[in-house]
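The values are calculated or read from the model by the stated rules, or taken from the named source; none is laboratory data. Because the structure is predicted, anything quoted here is derived from the model rather than measured. A quick note on method: Cβ atoms are made from the backbone with ideal geometry, for glycine too, and the neighbour counts reach across all protein chains shown.
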Amino acid sequence: VPPPPPGPPSFTGAKLVDDARHPWMPTRPGDIRGPCPGLNTLASHGYLPRDGVASPEQIIKAVQDGFNMDNELARFTTYMAHLLDGNPVTDLISIGGKTPKTGPDPPRPAIVGGISNHGTFEGDGSMTRADAFFGDNHSFNPALFEQFKDFSNRLGGGFYNLTVAAELRFHRIQQSIGNNPQFSIVGFRHLTLYAEAAFPVTLFVDGRRTGAQAGHLDMRSAESFFKDMRFPRGFFRAAQPSGAGPAPEIFAAHPTVPGRNVAGVNTFTPDTSLGSITDFCTFYTQFVSKTLKGLYPNPTGVLRRNLNINLNFLYQSLGAGAQGCPQVFPYGQN
Ligand code: HEM
Ligand code: MG
């Protein structure tokens with residue numbers, strides 16, 4: 001039976017996380033990494049299993065301990081990833097591509113593709129990773145990182161901050177509308193686009209930076225996380241539980257609606273049917289009743305039991321964020 005999610009840790013202040021118990025080590029043959037610089041870094045320091053395959057419980061503990069990600073966001077993000085890309089029976093998920101290490105697959109159309117799988121969690125318009133249409137949606141992309149630095153230099157005085165986040169986020173969307181005929185940002189991707197633009201400000205900045213220095217990520221530290229999957233030497237995690245707080249502000253600077261290119265480049269067409277960052281209840285309801293049901297139309301036995309357990313964990317993670325949005329039970333309540 002999947003264990004309940006860990007609660008918040010007892011100490012939630014800044015602390016040295018690049019410590020002696022968590023030495024950075026290069027990947028060994030077979031170790032899996034993927035599109036998330038946060039999880040990659042945690043695996044390369046041993047906060048997560050270094051092979052890149054983990055349980056939801058391990059992921060929630062690791063993002064809290066290593067980065068001070070706030071408990072509700074840690075639970076929500078982890079159960080979304082697990083339901084979309086993990087193996088509900090073995091309770092394991094890959095932080096990169098598909099692997100036999102997550103155990104025997106449940107019946108198709110389930111994918112269990114790991115978080116690199118395009119179109120479930122991973123999506124288009126990433127800041128340092130290319131769109132899946134161009135072939136590699138998970139590796140550090142040097143040209144895109146040059147653009148990340150260029151925006152930070154021109155608009156942030158050499159730092160990635162919320163101003164840079166808002167402009168780079170908008171630019172990456174426009175760029176992909178113009179060159180990726182299959183560009184799509186619907187449903188969950190419309191939420192993660194803006195959350196992920198916030199994380200480098202809220203979670204990659206050293207927790208000892210306060211006052212005017214707070215919320216400013218220098219380019220050496222950015223390269224350390226995005227490219228080397230490594231804490232900057234002597235890194236302290238955020239000074240309080242943090243996460244996607246500024247996402248609405250980043251969205252509001254250039255409020256792009258969800259949608260996709262429907263007939264080649266520059267044919268972006270709004271599609272709000274799977275919800276959006278401004279319509280969370282539609283997002284949640286459609287995710288459960290359409291997206292997840294599409295992957296698991298008729299689960300039985302342990303698979304069905306564990307899907308229901310993970311769906312409960314997901315709903316509970318919404319807390320006040322559910323805002324009266326009723327729970328959906330696609331596989332019954334017993
Ligand atoms: C991107 C999963 C926690 C920072 C991603 C992506 C996935 C993912 C699937 C790729 C989406 C895309 O850009 O196409 C997760 C899961 C987490 C988690 C399941 C569990 C809680 C974190 C943490 C941080 C972080 C703790 C920071 C400390 C980022 C950033 C990106 C990203 C900055 C965007 C990369 C880019 O645009 O180039 N994450 N993540 N994530 N994640 Fe995570
Ligand atoms: Mg992506």
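Checked against the criterion of being assigned to a helix (DSSP H, G or I), under 23 Å from Ile60 (Cβ atoms) and in contact with a His (Cβ under 9 Å, 6 or more places away or on another chain), region 264-281 contains not a single residue that satisfies it. Scanning region 120-147 for residues that are within 10 Å of ligand 2 (Cβ to nearest atom) and either at positive phi or in a strand (DSSP E or B) (or both) yields Glu122, Gly125. For Leu84, indicate whether it is touching a residue at least 24 places away in the same chain (Cβ under 8 Å), closer than 27 Å to Gln240 by Cα and assigned to a helix (DSSP H, G or I). No, not satisfied. Evaluate region 95-111: report whether one residue or more is among the hydrophobic types (A, V, I, L, M, F, W, C), at pLDDT 95 or above and more than 9 Å from ligand 1 (Cβ to nearest atom). Within region 95-111, one or more residues are among the hydrophobic types (A, V, I, L, M, F, W, C), at pLDDT 95 or above and more than 9 Å from ligand 1 (Cβ to nearest atom). Here Pro232 passes the criteria (1) more than 19 Å from Phe140 (Cβ to Cβ); (2) surrounded by fewer than 23 Cβ atoms within 10 Å (Cβ to Cβ); (3) in contact (Cβ under 8 Å) with a residue 40 or more places away in the chain except the one numbered (1). Taking region 99-119 as the region of interest, how many residues are within 11 Å of ligand 2 (Cβ to nearest atom) and among the β-branched types (Val, Ile, Thr)? So the answer is 1. Taken over region 39-81, the residue count meeting the criterion of being of a type in the set (Lys, Arg) and part of a helix (DSSP H, G or I) is 2.
Would you call Val63 more than 10 Å from ligand 1 (Cβ to nearest atom) and surrounded by 23 or more Cβ atoms within 10 Å (Cβ to Cβ)? In short, no.
Being part of a helix (DSSP H, G or I) and touching a strand residue (DSSP E or B) at 6+ places or on another chain (Cβ under 6 Å) is the filter; apply it to region 157-192 and report the residue that is nearest to Asp279 (Cα to Cα).
So in region 157-192, the residues part of a helix (DSSP H, G or I) come out as 162-179, 188-192.
Applying the additional criterion that residues be touching a strand residue (DSSP E or B) at 6+ places or on another chain (Cβ under 6 Å) yields 177, 190.
Details: Ile177: 23, His190: 10 Å.
Within region 157-192, the match that is nearest to Asp279 (Cα to Cα) is His190.
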